[in-house]
Amino acid sequence: MKINLHDDACHVNFALFILIFCQSKIMEASWKDNFVELDVNKPIWDRFYMVAPLVVIGTKETDGYDLAPKHMAMPLGWNNYFGFVCTPRHKTYHNAREYGAFTVSFPKPDQVVLASLAASPRNDKPGHKPILDNLKTLPAEVIDGVFLKNSYLYLECNLDRIIDGFGVNSLIIGEVVASYVDKDAVIKSDADDQQLLYQAPLLTYLPPGRFATIRETMAFPFPADFEK
């Protein structure tokens, strides 16, 4: 009997293709069994928890200053730029645009209630947020602004740009022109990082509505010769 090696090879390749295809479909079905597919036609961010910072943004207002907590906030790149998400529906947006500057305070864990109170609504008096009269603040040194007193890190920022168009939200970006960190929280080359964070723990927000204190940490396992 004459054997057609070409046909046999084609049959083997086809069989392997079918096997791999079926295995991939089985694997696809199996990992999806452990997940809930979310409807991306509406915001998804209230369906799970993430880790985020909690900062208090300070801005100049006509008759004083405003403080507002934000969690969508972070450094932008390796240089001294900092950004946070806001909306034109909030005074923080218009204050930063009008006066061209803002401050950033990083509260300590025992200040979580104070940070939350900074989000209290305004009263009937235009531009007045009564709770701010009871929050202790410190004056900024370079820009016209204030900090939330007793925070562990302060930034003073000149407005760099505002990028609109993220739905109803905007990204407000500032260049850091001054910064101050609590002596107990500054990283030192001759100090143990774990001990530093244990003694000066960090406040973390877990959107959509929880917070945590970070005290126990471990060194990240960077690969050999890693460079940022």
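With the cut-off at 22 Å, report for segment 52-214 the share of all Cα pairs above it, as a whole percent. Above the 22 Å cut-off, segment 52-214 has 41 percent of its Cα pairs. Within the shell defined by Cβ-Cβ distances under 9 Å, the residues around Val104 carry a net charge of 0, with Lys and Arg each +1 and Asp and Glu each -1. Couplings for segment 163-171, taken from phi via the Karplus curve 6.51 cos²θ - 1.76 cosθ + 1.60 with θ = phi - 60°, read 10, 8, x, 8, x, 8, 9, 9, 9 Hz in order; Gly and Pro are left as x. Close amide-amide hydrogen proximity is noted between Thr137 and Lys149, each under 5 Å apart and 5 or more residues distant or on a separate chain (H modeled in the peptide plane; Pro and chain starts excluded).
The stretch between Arg215 and Ala119, if pulled fully straight at 0.36 nm per residue, gains 32.0 nm over its current Cα-Cα span. Along its principal axes, segment 150-226 has C-alpha extents of 43, 37, 31 angstrom, given from the largest down. In order along segment 208-225, the phi-based Karplus estimate (6.51 cos²θ - 1.76 cosθ + 1.60, θ = phi - 60°) of 3J(HN,Hα) comes to x, x, 10, 9, 8, 10, 9, 10, 8, 9, 9, 5, 6, x, 5, x, 4, 6 Hz; Gly and Pro are listed as x.
At R0 = 35 Å, how high is the FRET efficiency between Lys42 and Ile131 if r is their beta carbon distance? Nearest 0.05 is fine. That pair, Lys42 with Ile131, gives E of 0.65. This model, with +1 at the C-beta of Lys and Arg and -1 at the C-beta of Asp and Glu, gives segment 52-214 a dipole about its Cα centre of some 500 debye. In plain terms, the residue of Ser116, Ser105, Ser170 with the fewest other Cβ atoms within 10 Å comes first and the most crowded comes last, giving Ser116, Ser170, Ser105. Close amide-amide hydrogen proximity is noted between Ser170 and Cys86, Thr87, each under 5 Å apart and 5 or more residues distant or on a separate chain (H modeled in the peptide plane; Pro and chain starts excluded). Applying the Karplus relation 6.51 cos²θ - 1.76 cosθ + 1.60 with θ = phi - 60° to segment 146-160 yields 3J(HN,Hα) values of 9, 10, 6, 4, 6, 5, 9, 9, 10, 10, 10, 10, 8, 4, 9 Hz, where x marks Gly and Pro. Counted by neighbouring Cβ atoms within 10 Å, the residues Phe48, Phe147 run from fewest to most as Phe48, Phe147.
Dipole size of segment 154-228 about its Cα centre, with +1 on Lys/Arg Cβ and -1 on Asp/Glu Cβ: approximately 280 debye, rounded to the nearest 20. Taking one quarter of the surface of the convex hull spanned by the alpha-carbon atoms of segment 78-154 gives a direction-averaged projected area of 6.2 nm².
We did not get these values from a lab; they are worked out from the coordinates using the rules stated. Computed from a predicted structure; not experimentally measured. Note that we place each Cβ from the backbone using ideal geometry, even for glycine, and neighbour counts take in every protein chain shown.
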